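This report refers to the structure that appears directly beneath it.
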Amino acid sequence: MDRSNAFIACALLALVASAGCMEGLDLGMDVALLPPVTGVGGPTPTVVPGGPRPTPVSTPLPSARPTPRHRTGNEVNYLLVANSCLACDLEKADLQFAELEGAFLAGAVMKEANLMGTVLTKADLTMADLSWARAPGVRMNNATLRGADLSDAFLHGAQMAMADLRGANLRGASCHDTQFIDADLTGADLRGTDLCRAHLEDAILEGALTNEETVCVDCITKGPCW
């Protein structure tokens, strides 16, 4: 074979080899050993002709931003759709002067919350945690606070007339000038509570717990404090 014919034969063999690779023919090369192609979402699995379809690699979505723990009054108003926020986490929330009349906050955690001047008239705070809350001037008239924890709360000038405080924990609370007129304090824990100048007219105090640290100086009542 002359040189020109040999060159043509080699060219034809190269074309056949190239076409074989394009068609996935077996030309002595193990396709499974080819290195995977790396992309943005991770390595792309190699497709072997005639083999099983590879499982797609899913890229996880970024996690949602956590809900802020310390909410402001406006954020709580948004949260209280239909005034309902059962067992909400409102610890250390800034709720001063928020309008939450009739809100359903049973079991809510409001420890150390700022409730200065907050309107909670007729609100349901059954078993809510209001311990260490700063609540001067809070308005809780006709509110339900049955079994609520108000221990060590600052309640100077709070309005709690006709509130249901049965079994509530007011131990160590500061209640200067607080209005408990017609409130039901049956079984409430008043040990160490400072009731200086508190209004207790017609309040029900049956079974309320007191001790030598309970202060009732200048309390306004229609009889003995207990």
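No value in this document is a laboratory result; all are computed from the given coordinates. Worth saying up front: this structure is predicted, and the values here are computed from it rather than measured. For neighbour counting, all protein chains shown are included, and Cβ atoms are generated from backbone atoms with ideal geometry for every residue, glycine included.
Things worth noting here:
- Average Cα contact separation per residue, the stretch 71-226, under 8 Å, 6 or more apart, as relative contact order %: 13 percent
- Shape parameters for the stretch 79-226, alpha-carbon atoms, Rg then Dmax in Å: 13.8, 44
- Sequence of HIS176, HIS199 once ranked by neighbouring C-beta atoms within 10 Å, starting from the fewest: HIS176, HIS199
- Translational diffusion of the stretch 89-140 was estimated from the Stokes-Einstein equation, with Rh taken as the Kirkwood radius over Cα pairs; at 37 °C and 0.692 mPa s the coefficient is 317 µm²/s.
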